[in-house]
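Written below as structure tokens is the structure these notes are about.
The values are calculated or read from the model by the stated rules, or taken from the named source; none is laboratory data. Nothing here was measured: the structure is a model prediction, and the numbers come from that model. Quick reminder, even Gly has a Cβ in these numbers, built from the backbone with ideal geometry, and neighbours come from all protein chains shown.
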């Protein structure tokens with residue numbers, strides 16, 4: 001069974017070039033190639049849609065932060081893309 005999670009790549013800031021993975025539940029995972037079936041997106045299209053939503057949310061946050069002079073922390077620019085999971089295990093849930 002195939003499954004997809006979200007791969008995030010920092011494009012700016014002190015973490016530029018760093019990669020992280022987010023499963024369907026919204027948690028950052030340390031084992032991207034070993035997931036249970038309820039934590040992955042079943043098709044790439046749905047995962048791509050969620051990646052686009054996350055990118056737009058991040059950009060909106062950055063725009064609002066730049067407009068307020070009292071804001072000291074501006075979010076880093078992050079690119080999101082689907083990542084195909086190698087091993088998807090069935091769960092008993």
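Listing for the model above:
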| quantity | calculated |
| --- | --- |
| Considering residues of the stretch 27-52 that are more than 12 Å from the chain's Cα centre (by Cα) and in a helix (DSSP H, G or I) only, the residue nearest to residue 88 (Cα to Cα) | 37 |
| Candidate set from the stretch 27-49 (those that are surrounded by 13 or more Cβ atoms within 10 Å (Cβ to Cβ) and in contact with a helix residue (DSSP H, G or I) (Cβ under 9 Å, 6 or more places away or on another chain)); member that is farthest from residue 82 (Cα to Cα) | 29 |
| Among (1) in contact with a helix residue (DSSP H, G or I) (Cβ under 6 Å, 6 or more places away or on another chain); (2) modelled with pLDDT of 95 or more; (3) loosely packed, with under 13 Cβ neighbours inside 10 Å, the one test that residue 82 misses | (3) |
| Residues that are surrounded by 13 or more Cβ atoms within 10 Å (Cβ to Cβ) and either touching a helix residue (DSSP H, G or I) at 6+ places or on another chain (Cβ under 8 Å) or modelled with pLDDT of 85 or more (or both), drawn from the stretch 60-71 | 62 |
| Among (1) loosely packed, with under 12 Cβ neighbours inside 10 Å; (2) more than 30 Å from residue 36 (Cα to Cα), the one test that residue 74 misses | (1) |
| Unmet criterion (only one of (1) in contact with a strand residue (DSSP E or B) (Cβ under 9 Å, 6 or more places away or on another chain); (2) assigned to a loop (DSSP other than H, G, I, E, B)) for residue 55 | (2) |
| Condition met for residue 92 (in contact (Cβ under 8 Å) with a residue 40 or more places away in the chain and part of a loop (DSSP other than H, G, I, E, B)) | no |
| Criterion (part of a loop (DSSP other than H, G, I, E, B) and out of contact with any helix residue (DSSP H, G or I) (no Cβ under 9 Å at 6 or more places or on another chain)) met by exactly one of 14, 24 | 14 |
